[in-house]
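Let me begin by presenting the structure, written as structure tokens, before commenting on it.
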Amino acid sequence: MSDDVRVEELTFASDDNQLAADLYLPAEPAPHPAVVMAGGWCYVKELAQPTYARALAASGIAALVFDYRNMGASTGQPRQHMDPWQQVADYRNAVSYLEQRPEIDGDRLGAWGISYSGGHVLILGALDERIRAVCGVVPVTDGYENMRLAHGTVGFRRFTAALREARRKRYATGEITYIDHQPATEGDLATWPFPKSRVAFAELKAREAPRYEGRSTAESAELLLAYNVFPYLGRLLGKPTKFVIAEGDDHTHWDLALRAFDQIPGTSKELTIISSANHLTLYSDRDRQNSTATDIARFFTESL
């Protein structure tokens, strides 16, 4: 294991967009196995992900961390619009880009995701045979159930009513409605109704991710409500798959994640439960983030 990691800033094509990315390259001689990485709801590539990328590179595995279309330093309109299927396509195009790099062993590619993208990589692993192993950290697995549980009965009524009104306005005027990532005060309209998360992400923005914008299009939230990884889990049979779940996570709901893990057939799967933790632990707690990143690097070393 080497701490001598080189980071290359680059862009690659995804449909009609140019996606900004950082390629973390190990010190060991090429070609390297590699892992494609992207973030969750409203994330940019500088938010939390470099810790995991550096752990991979220090273990001899290259890591490509990128901003989705419409986000961060990547091109695309409307800004802050998140279509999960477009994001999965961005992952697949990241894989295609890595296949063209001479430093990368195109037969040893994996995928990593966190929160929303923790679900994306499960779909990616099911659909793309080039992916040999996947790791989802605190993954979103069922957007409708996730939102219904997170908002509660009355809050969910308000949330879906706001989405309906935004759709009517968009149809009548073409105007895009934006919704906050998290609320400033409990009860304010936001996609993820957790004021403490807003505080944590403000600290992350100040510390490491200045391009982070805490808002999304209302249509992004509609697409989240239609998001479900469960139809794809059976296709992960025989593919090394790791889940990292925070005990007591009530943001993406660890019970939903455990249900998803149980539905992956076969024995080529691995579950890590972080005790006495929550969804934000693996963003804000540096020690636990580092130890988890080291464990994920071990998984990919064994699986690629």
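Mind checking the log10 I(q)/I(0) for the chain at q = 0.07, 0.11 Å⁻¹? Debye, one equal scatterer per Cα, no solvent, two decimals. Debye curve over Cα of the chain, log10 I(q)/I(0) at q = 0.07, 0.11 Å⁻¹: -0.24, -0.61. Segment 185-234 and segment 103-119 have Cα centres lying 22 Å from one another. Taking a Cβ cut-off of under 13 Å around LEU236, the surrounding Lys, Arg, Asp and Glu residues balance to a net charge of +1, with basic ones at +1 and acidic ones at -1.
So for segment 184-250, considering every pair of alpha-carbon atoms, how many percent are separated by more than 13 Å?
Numbers: 1711 of 2211 pairs.
Here the long-distance tail beyond 13 Å is 77 percent of all Cα pairs in segment 184-250.
Summing Lys and Arg as +1 and Asp and Glu as -1 over all other residues whose Cβ lies under 13 Å from the Cβ of PHE194 gives a net charge of -3. Can you tally the net charge around ALA21? Count Lys and Arg as +1, Asp and Glu as -1, for every other residue whose Cβ sits under 13 Å from the Cβ of ALA21. With Lys, Arg at +1 and Asp, Glu at -1, the neighbours total -3.
Please work out how much length the chain gains when fully extended from ARG215 to LEU127, using 0.36 nm per residue of separation minus the C-alpha to C-alpha distance, in nm with one decimal.
Values: separation 88, 0.36 × 88 = 31.68 nm, distance 2.94 nm.
Net length gain for the segment: 28.7 nm.
Only aspartates and glutamates eight or more places from LYS205 in sequence, or on another chain, were considered; those with a Cα closer than 12 Å are GLU46, GLU213. Apply the a/c threshold of 1.5 to the C-alpha gyration tensor of segment 154-285 and tell me whether it is rounded, prolate or oblate. Because a/c hits 1.5 or more and a/b fails to exceed b/c, segment 154-285 counts as oblate. Using the alpha-carbon positions of segment 96-163, Rg (one decimal) and Dmax (whole number) come out as 17.1, 54 Å. For segment 221-227, 3J(HN,Hα) computed residue by residue from phi via the Karplus equation (6.51, -1.76, 1.60; θ = phi - 60°) reads 5, 4, 5, 4, 5, 9, 8 Hz, glycine and proline entered as x.
Proximity of backbone amide H atoms, modeled 1.01 Å from N, is registered between ASN228 and GLY143 at under 5 Å, excluding neighbours fewer than 5 places apart on the same chain.
Over the chain, dividing the summed -39,500 (n - 2.57) contributions of all DSSP H runs of at least 4 residues by the number of residues returns a 222 nm mean residue ellipticity of -13000 deg cm²/dmol. Dividing the Cα radius of gyration of segment 87-236 by its Kirkwood radius returns 1.03 for Rg/Rh.
Backbone geometry of segment 133-144 corresponds, through the Karplus equation with coefficients 6.51, -1.76 and 1.60 at θ = phi - 60°, to 3J(HN,Hα) couplings of 7, 9, 9, x, 9, 6, x, 7, 10, 8, x, 5 Hz, x marking Gly and Pro.
Modelled this way, with points 7 Å down the Cα-to-C-beta line, the labels at GLN18 and ASN290 are 3.7 nm from one another. The relative contact order of the chain comes to 19 percent, based on Cα pairs under 8 Å that sit 6 or more residues apart.
For segment 192-285, the relative contact order is 32 percent, taking Cα pairs closer than 8 Å that sit 6 or more residues apart in sequence and dividing their mean separation by the residue count.
Quick note: the coordinates plus some simple rules give every number you see, no bench work behind them. Because the structure is a prediction, the values reported are computed rather than measured. For neighbour counting, all protein chains shown are included, and Cβ atoms are generated from backbone atoms with ideal geometry for every residue, glycine included.
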